[in-house]
Amino acid sequence: MKFKYKTIMVLFVALLAACTKDFQEINTNPNSPETTNTEFLMSEVVVSTAYAYQENAVGRRPASAARYLTLVRNTGYDLFDWGPVDWDDIYARLSVNKTFMETADKRSENQYVAIGKIIKAFNFGYLTDLYGDVPYSQALKSKESNLIYPEYDPQQAIYPDLLKELRVANDLLKGAVPEINAKADVMFKGKALQWRKFANTLRLRMLLRISKNYSPAFTEMQEIINDKTNFPIFESSADNAEIPYLGNLAGYSWPGGPLAMIDFDYQKTKVSKELVDRLVQRKDPRLAVWVEPVKSTTGSTVDPNKYVGVPNAIDAPSAYNGGEDHVSVFSSSFFRKNGASSNPLLKASLVTYTELCFILAEAMQKGKLNVPGETAESMYYKGIKESMSSYSVTAPASYYDQAIVKYDGSQEQLITQKWLAMLFKGAEGWFDQRRTGYPAFVTGPLAAGRGIPKRYVFPDSESAKNKVNYQKAVSVFGADKETTLMWSLK
């Protein structure tokens, strides 16, 4: 799951120079280098977080677990034959973010301390969502405390602390806060209100995720909804926490575009039958945007239709339905692009308004949340329409009148539509599926007995080098297997 990039400093200098024509002016004063240090670190942690998260969403385990794609070569991910997964890349980002926060704190720049807290919560939240119990309170202390082998914290202790960090970040950014350098803020252009919206929307995502075992979850969600002055949240897709791709070098191009196709080779990656069938069944207009029709329906052996997905975890997937010409791939006109210049809709997304609509719809459908002027049904439709809009698609009224789409109050219907909307949006499709059981996938005969993974197995380096703390953690957490349930899922 490593985010592969060259020298990180070079990457971000190049990125920001391209994004903002005056960036050089704020970063090349030899007489006062400290005046730009915090801003540069902020840009680094924000962009590296977004790009790594998006790369994982497209070409790696989360996309296979969410059954968006089918691998017809190098099928280990597809068969859930994952084994231990390294986490050094996430801790590396967290280490840079820690330096960012400490630098901001020394300079009394609370606006950057707040942003650091948000990025910390996002990365640690993702880490614990992937693994369960992880090093947290003792992590990143090798320099000041010479603590090389940290203990693991239980997820039930990590999550409340991250939620607290997000609340504090929101409070720090209230009112007349010091200026956030707009030229260095590659996500929100220096707008403190947007960072607050991100923090509180992320809180809502996290609260719903742990609501099964965190008793204050819906109370805290309602507190946010009841007071949008103190707890602003996303109000449209214009608020989305996302960053465009420049598309001029592999390191900051869309994963799967011509410059960055190493991990998402379209010759070995096909659209899954799970995704195609659900789109076809709903006559969903996003199908034509996301998926290419087969090259030929003549000579197909199983499915003669225009769009054909490949089942997951089958024997000889490359030969399915007669082979290459008779199965669908992801759209070259949409996905096989490098960045904003060729497709401005391809962005590295952290949290979107579309997702928020479905989060609120689910909580309302459970009878646990009230949103003034809205119902679970209205938020459900808003989520679908917002997703359509984000792909420049408008579905006809007949789409919503179909029995399979028309709101029926079931969790399966809601989560399935959210799953469609979350295509390549982080690991959300996988995380929702493992939490709710929907959509109910056919995992495939070669993955029989494994089922959809519930987590990543801890890195090999932990059992080898941090053995005492690793064994202690496993004795509490449970067997270090992909099937072991973390606290939030029990």
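The values are calculated or read from the model by the stated rules, or taken from the named source; none is laboratory data. Values in this document were obtained by computation on a predicted structure and should not be read as measured data. Cβ: placed from backbone, ideal geometry, glycine included. Neighbour counts: every protein chain shown. For the accessible areas, the whole protein counts, side chains as well, though only heavy atoms, and no ligand, DNA or RNA atoms are used. Shrake-Rupley method; radii C 1.70, N 1.55, O 1.52, S 1.80 Å.
Key figures for this structure:
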quantity: For the chain: rounded, prolate or oblate by the Cα gyration tensor [a/c cutoff 1.5]; calculated: rounded
quantity: Total formal charge among the other residues, if their Cβ is under 12 angstrom from that of E482, Lys/Arg +1 and Asp/Glu -1; calculated: +4
quantity: Å² per residue, accessible surface of the range 268-364 at 1.4 Å; calculated: 36
quantity: Average Cα contact separation per residue, the chain, under 8 Å, 6 or more apart, as relative contact order %; calculated: 20
quantity: Prolate/oblate/rounded call for the range 275-434, Cα gyration tensor, a/c under 1.5 rounded; calculated: prolate
quantity: Among the listed pairs K174/K212; K366/K406; K273/K385, those beyond 21 Å (Cα-Cα); calculated: K174/K212; K273/K385
quantity: Fraction of accessible area attributable to carbon and sulfur, the chain (%, probe 1.4 Å); calculated: 51
quantity: Karplus 3J(HN,Hα) series, Hz, for the range 327-339 with 6.51 cos²θ - 1.76 cosθ + 1.60 (x for Gly, Pro); calculated: 10, 8, 10, 5, 4, 6, 6, 10, 8, 7, 10, 8, x
quantity: Residues of the range 165-206: accessible area per residue with a 1.4 Å probe, Å²; calculated: 34
quantity: Fraction of antiparallel bridges per DSSP, the chain only, in percent to nearest 5; calculated: 85
quantity: Ordering of 313-323, 391-401 by burial proxy (mean other Cβ atoms within 10 Å per residue, highest first); calculated: 313-323, 391-401
quantity: Accessible area per residue in Å² at 1.4 Å probe, computed on the range 373-490; calculated: 42
quantity: Candidate aspartates and glutamates for bridging to K306, where Cα separation is under 16 Å - those fewer than 8 sequence places away on the same chain excluded; calculated: E274, D277, D284, E292, E324, D325
quantity: In nm, spacing of pseudo-spin labels at N74 and S296 (7 Å Cα→C-beta vector); calculated: 2.9
quantity: Per-residue [θ]222 nm for the chain (sum of -39500 (n - 2.57) over DSSP H runs n ≥ 4, rounded to 500); calculated: -14000 deg cm²/dmol
quantity: 5 angstrom amide H check on D185, placed H, neighbours 5+ away; calculated: G190
quantity: Across K120/K143; K270/K295; K106/K197, pairs whose alpha-carbon gap is larger than 20 Å; calculated: K106/K197
quantity: Relative contact order (%) - criterion: Cα under 8 Å, at least six apart; region: the range 305-396; calculated: 19
